[in-house]
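Down below is the structure, laid out as structure tokens.
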Amino acid sequence: MNLTKEQCFEQLLLGKSFKSESWLGPIRDKAGARAQALNFPTARQDDWRLTDLSPLFQYGFHPVDSYASVTLADIDSLLIPGSIRLVFVDGCYASPLSDLKQAGAGVTVSSLLDRYGDAQVEANFAQHALFDQDAFAALNTRFFEDGAFVHVAGGEAAAPIHILNVATKRDTSSAIYPRCLVVMAANSRATIIEDYAGLNDGINFSNAVTEVVLKDDAQLQHVRVQREEKSAFHIGHCSVIAARGSVYTSTALAFGARVSRHDLHVTLRGEGAEATLNGLALIGGRQIADTHTRIDHASPRCVSRQLHKCIADGSAHAIFSGKIMVREGASGTDSAQSSRNLLLSGKAHIDTQPQLEIFNDDVSCKHGATIGQIDADALFFLKSRGLTEERARNLLTHAFAAEIIDKIPVPSLVEALGRTILERMNGDHVGGVSR
Amino acid sequence: MINNGSKVLLEVKNLKAEVAGVEILKGVNLTVRAGEVHAIMGINGSGKSTFSKVLAGHPDYTVTGGSAMFEGKELFTLEPEERARAGLFLAFQYPVEIPGVSNSALLRLAYNTMQTERGLEELDPLEFDDLIQEKIKVVEMDPSFLGRSVNEGFSGGEKKRNEILQMAVLEPRLAILDETDSGLDIDALRIVANGVNSLLTPDNAVVMVTHYQRLLNYIVPDFVHVMDAGRIVRTGGKELALELEARGYDWLRAAA
């Protein structure tokens, strides 16, 4: 298929209509109108200047009209043993694949559709991931079919909560709209893994929106794994609101998709809130992976730490743009950001843009960025111990990535992802010999 | 141990090499037989570290003349990893830190590479653990160092002990120790030297590159070579090192 950008957008607007709750219907209508008015972003918009979406525009993405039968065996390699699990197949909740046994008292883990009556859903849905300036968020809000809802009312969730989204379509290119709402009540604690994968090499477009609310002193470990098929497209937006004394930790990984984009907006809206953002993009071939983050220090004495890494091989293009905003009145802000990047080939390309916007004195904001290649001394050392050039490069690349992956607080996932990376590097994607 | 009937491991003839267009080695000759311990001494800038790096295949150095046969193979036609697999080992003067790669993982990877080269079975992590627990005794290393990233946060002495641990695991035919004694206190020096001595057999050989005689009190050489301005200018027995210690290098430089 070879569509124009306009035709591609028109096709997306031909999504399904839904019979919605009275509170939701008007939101969907408003989002649909807003999407139509905004259209796709252009290279003239600063936030999208470096992201080449043209591969996406070539395809017409259709609403999902039928659901593949997926078995547990099909997704076995993606499962996290011992987790509370919600599975969505092409945006639709798959109850037989899900496992909520361990959720326990005070922890709601459910399909969003089943909880439309929940006061927390109505109070928070589409209140944080705003769509007035974001066409993709608007499209999601208009056309999402179902989503995940997590509410931890207090205490600590007994197990990690795994929200697995799989894309299955092969014959028709489908537009899939994963959606996620997480509400952490005061003093609650949880680990959530948001996971995006494909089961075949279909050309699907996942356009995901996640909203996270942390009430006072809540703590969330939020892991995001984007391991879509190399043929897929992935655009994800996540908005986080952190109240007084809460602690938000994100570890976001981007391995897959032909073109991917992740926007993560964290607002520290309460004294002493803390955010730690760890990010990794590991890509090769013709992949494009773009991460845009914004940490908004809107209250005094909040702390933010960020470490983002990009590894690009082949003729891949990785982008990191990280904005730190310190609002008027946010005195005692303590922020540090580091962007570290590894170029594995002469044709790969990495852009990194740290941005500080400070409207306050009395703050500490450090930031730094480096771009380098595999260390020649380390490479020679490993070769002198008998390792081939390829093995040595893979080991050093893996080590560079491991600093981020090791921050995931779920050992079985750390191990599984480590294996995945080594396999990918031994293939033709990253660090392999065929470029 | 000198035994003129034993096998020649390394034969270097008229080796010339340069770095960044500057000639450093200007015709080095050296023959090392199995069972021998050699020391190459010399002032800073004499070319002795360059010699060890050239033999190991460091990419910054270009061989411009001469030859080196190692176990019947033309050394300079081999990649660094092929030289290692053929049984050549370089203990680095400045060991590299590799964050994110655990010491035990690297040792196992390197060991299994050698096993494959020798047509032997690879060891899984459990089997390798049994082996490595024995090997670390050679350098009196705390087992906790195995789980740490390679050389990251190690003291100077710990890094050098780690190099000798790698030597113990890889069991090379020829080990070149590049300034392994530099930066070591007397206890660390003793441990490193004991480790090297325990690894010596009639079938392998060691070439120590060093500035000071001190190391040679612990690892006693059969031959001492003095390098100056890119050539070996004097060869003698262990007593030559003592003479150097007493008289310095100047008398030899004048003689050369």
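The values are calculated or read from the model by the stated rules, or taken from the named source; none is laboratory data. Computed from a prediction, not measured in an experiment: that's the story for all the values here. Positions of Cβ are backbone-derived with ideal geometry, glycine not excepted, and every protein chain shown enters the neighbour counts.
Does segment A:39-95 hold any residues that are basic (K, R) and more than 20 Å from A:A137 (Cβ to Cβ), and which are they? Break it down stepwise before answering.
At the first step, the residues of segment A:39-95 found to be basic (K, R) are A:44, A:49, A:85.
Within segment A:39-95, just A:R85 meets the criteria.
Given the conditions (1) crowded, with 24+ Cβ neighbours inside 10 Å; (2) assigned to a loop (DSSP other than H, G, I, E, B), report the number of the one that A:A186 does not fulfil.
Just one mismatch for A:A186, condition (1).
Among A:L268, A:L282, which is the only one that is at pLDDT 95 or above and touching a helix residue (DSSP H, G or I) at 6+ places or on another chain (Cβ under 7 Å)?
A:L282
Might you check whether a residue that is without any contact (Cβ under 8 Å) to a residue 24 or more places away in the chain, over 19 Å from A:F233 (Cβ atoms) and assigned to a helix (DSSP H, G or I) occurs anywhere in segment A:2-21?
Looking through segment A:2-21, none of the residues is without any contact (Cβ under 8 Å) to a residue 24 or more places away in the chain, over 19 Å from A:F233 (Cβ atoms) and assigned to a helix (DSSP H, G or I).
Is segment B:118-138 home to any residue that is within 17 Å of B:K160 (Cβ to Cβ), surrounded by 16 or more Cβ atoms within 10 Å (Cβ to Cβ) and of a type in the set (V, I, T)?
Yes, that holds for at least one residue.
Based on this model, can you work out whether B:E82 counts as modelled with pLDDT of 95 or more and within 14 Å of another protein chain (Cβ to nearest Cβ)?
Values: modelled with pLDDT of 95 or more: yes; within 14 Å of another protein chain (Cβ to nearest Cβ): yes.
Considered against the rule, which asks whether it is modelled with pLDDT of 95 or more and within 14 Å of another protein chain (Cβ to nearest Cβ), B:E82 comes out as yes.
Give the residues of segment B:199-229 that are more than 22 Å from B:K53 (Cα to Cα), modelled with pLDDT under 95 and of a type in the set (S, T, N, Q), sorted by residue number.
The answer is B:N217, and nothing else.
Could you pull out every one of the helices (runs of 4 or more DSSP H) wholly within segment A:362-435 that has 3 or more residues that are closer than 15 Å to B:L106 by Cα, at pLDDT below 95 and not aromatic (F, W, Y)?
Details: elements: A:376-383, A:389-405, A:411-426.
So the answer is A:389-405.
Taking segment A:244-264 on its own, how many of its residues are closer than 24 Å to A:A157 by Cα and surrounded by fewer than 22 Cβ atoms within 10 Å (Cβ to Cβ)?
Residues flagged as closer than 24 Å to A:A157 by Cα and surrounded by fewer than 22 Cβ atoms within 10 Å (Cβ to Cβ) within segment A:244-264 amount to 4.
Can you tell me which residue in segment A:310-319 is surrounded by the fewest Cβ atoms within 10 Å (Cβ to Cβ), limited to those that are among the small types (G, A, S) and in a strand (DSSP E or B)?
If we take residues in segment A:310-319 being among the small types (G, A, S) and in a strand (DSSP E or B), then A:A312 is surrounded by the fewest Cβ atoms within 10 Å (Cβ to Cβ).
The conditions are (1) under 14 Å from the mean Cα position of the chain (by Cα); (2) more than 9 Å from chain A (Cβ to nearest Cβ); (3) surrounded by fewer than 17 Cβ atoms within 10 Å (Cβ to Cβ), and B:S67 fails exactly one of them. Which is it?
The single condition B:S67 does not satisfy is (1).
Do we have A:D65 as of a type in the set (D, E), surrounded by 14 or more Cβ atoms within 10 Å (Cβ to Cβ) and either touching a Lys or Arg at 6+ places or on another chain (Cβ under 9 Å) or touching a residue at least 60 places away in the same chain (Cβ under 8 Å) (or both) here?
no
Where the second residue is in a helix (DSSP H, G or I) and of a type in the set (S, T, Y) and the first is closer than 21 Å to B:I98 by Cα and lies in segment B:159-183, which pairs have Cβ atoms under 8 Å and are six or more apart or on separate chains?
Pairs that qualify, where the first residue is closer than 21 Å to B:I98 by Cα and the partner is in a helix (DSSP H, G or I) and of a type in the set (S, T, Y), are B:V169/B:Y111; B:L170/B:Y111; B:D178/B:S49; B:D178/B:S52; B:E179/B:S49.
Does at least one position in segment A:78-85 carry a residue that is surrounded by 13 or more Cβ atoms within 10 Å (Cβ to Cβ), under 18 Å from A:T172 (Cα atoms) and not aliphatic (A, V, I, L, M)? Even if it seems obvious, please write down each step before you answer.
Restricting attention to segment A:78-85, the residues satisfying the condition of being surrounded by 13 or more Cβ atoms within 10 Å (Cβ to Cβ) are A:78-80, A:82-85.
So of that shortlist, the ones also under 18 Å from A:T172 (Cα atoms) come out as none.
Taking every residue of segment A:78-85 in turn, none turns out to be surrounded by 13 or more Cβ atoms within 10 Å (Cβ to Cβ), under 18 Å from A:T172 (Cα atoms) and not aliphatic (A, V, I, L, M).
Only one residue in B:K53, B:K48 is of a type outside the set (A, V, I, L, M), within 14 Å of another protein chain (Cβ to nearest Cβ) and surrounded by 22 or more Cβ atoms within 10 Å (Cβ to Cβ). Which one?
Within the list B:K53, B:K48, the selection yields B:K53.
Results for (1) at pLDDT below 95; (2) more than 13 Å from chain A (Cβ to nearest Cβ); (3) assigned to a strand (DSSP E or B), shown as yes or no for each residue.
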| residue | (1), (2), (3) |
| --- | --- |
| B:G100 | yes, no, yes |
| B:T113 | yes, no, no |
| B:E127 | yes, yes, no |
| B:I132 | no, yes, no |
| B:M141 | yes, yes, no |
| B:F145 | yes, yes, no |
| B:G153 | yes, yes, no |
| B:L165 | no, no, no |
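Could you grab me the full set of residues in segment A:293-324 that are among the aliphatic types (A, V, I, L, M), over 15 Å from A:N278 (Cα atoms) and more than 21 Å from the chain's Cα centre (by Cα)?
Result: A:A298, single match.
List the number of the failed condition for B:S182; all other conditions in (1) out of contact with any His (no Cβ under 8 Å at 6 or more places or on another chain); (2) in a loop (DSSP other than H, G, I, E, B) hold.
All conditions pass for B:S182, except number (1).
Would you pick out the residues in segment B:86-98 that are in a strand (DSSP E or B) and out of contact with any Phe, Trp or Tyr (no Cβ under 7 Å at 6 or more places or on another chain)?
Result: B:F89, B:L90, B:A91, B:I98.
Can you find a residue that is within 30 Å of A:A402 (Cα to Cα), crowded, with 21+ Cβ neighbours inside 10 Å and β-branched (V, I, T) anywhere in segment B:183-193?
No, segment B:183-193 contains no residue that is within 30 Å of A:A402 (Cα to Cα), crowded, with 21+ Cβ neighbours inside 10 Å and β-branched (V, I, T).
Answer yes if at least one residue in segment A:344-352 is under 29 Å from A:C302 (Cα atoms), at pLDDT 95 or above and more than 14 Å from chain B (Cβ to nearest Cβ), and no otherwise.
Within segment A:344-352, one or more residues are under 29 Å from A:C302 (Cα atoms), at pLDDT 95 or above and more than 14 Å from chain B (Cβ to nearest Cβ).
Among the residues that make up segment A:406-413, is at least one of them in contact (Cβ under 8 Å) with a residue 24 or more places away in the chain, within 10 Å of chain B (Cβ to nearest Cβ) and under 20 Å from the mean Cα position of the chain (by Cα)? Please lay out each step first, then the result.
Going residue by residue through segment A:406-413, those that are in contact (Cβ under 8 Å) with a residue 24 or more places away in the chain are A:407-410, A:412-413.
Imposing the further condition that a residue be within 10 Å of chain B (Cβ to nearest Cβ) reduces the set to none.
No; the residues of segment A:406-413 include none that is in contact (Cβ under 8 Å) with a residue 24 or more places away in the chain, within 10 Å of chain B (Cβ to nearest Cβ) and under 20 Å from the mean Cα position of the chain (by Cα).
When you go through A:L342, A:L307 one by one, which is the residue that is more than 30 Å from B:P80 (Cα to Cα) and assigned to a strand (DSSP E or B)?
Within the list A:L342, A:L307, the selection yields A:L307.
If you go through segment A:300-316 one residue at a time, do you hit one that is more than 14 Å from chain B (Cβ to nearest Cβ) and over 25 Å from A:T251 (Cβ atoms)? Break it down stepwise before answering.
So the first thing to find is which residues in segment A:300-316 are more than 14 Å from chain B (Cβ to nearest Cβ), and the list is A:300-306, A:308, A:310, A:312-316.
Remaining after also requiring over 25 Å from A:T251 (Cβ atoms): A:300, A:315.
Yes, there is a match, as at least one residue in segment A:300-316 is more than 14 Å from chain B (Cβ to nearest Cβ) and over 25 Å from A:T251 (Cβ atoms).
Of the residues A:G279, A:G322, A:G284, which single one is buried (at least 23 other Cβ atoms within 10 Å of the Cβ) and under 16 Å from A:V223 (Cα atoms)?
A:G279
Applying the selection to segment A:146-155, what residues are outside any strand (DSSP E or B) and either small (G, A, S) or in contact (Cβ under 8 Å) with a residue 60 or more places away in the chain (or both)?
Passing the criteria: A:G147, A:A153, A:G154, A:G155.
Can you list residue pairs whose Cβ atoms sit under 8 Å apart, with the first residue in segment A:374-388 being in contact (Cβ under 8 Å) with a residue 24 or more places away in the chain and more than 7 Å from every other protein chain (Cβ to nearest Cβ) and the second being assigned to a helix (DSSP H, G or I) and surrounded by fewer than 20 Cβ atoms within 10 Å (Cβ to Cβ)? Count only pairs 6 or more apart in sequence or on different chains.
Going by the 8 Å Cβ cut-off, there are no qualifying pairs.
Can you tell me which of (1) outside any helix (DSSP H, G or I); (2) touching a residue at least 40 places away in the same chain (Cβ under 8 Å) is the one B:L123 doesn't meet?
Condition (2) is where B:L123 drops out.
Output the residues belonging to segment A:31-46 that are out of contact with any helix residue (DSSP H, G or I) (no Cβ under 8 Å at 6 or more places or on another chain) and either in a loop (DSSP other than H, G, I, E, B) or buried (at least 16 other Cβ atoms within 10 Å of the Cβ) (or both).
A:A43, A:R44, A:Q45
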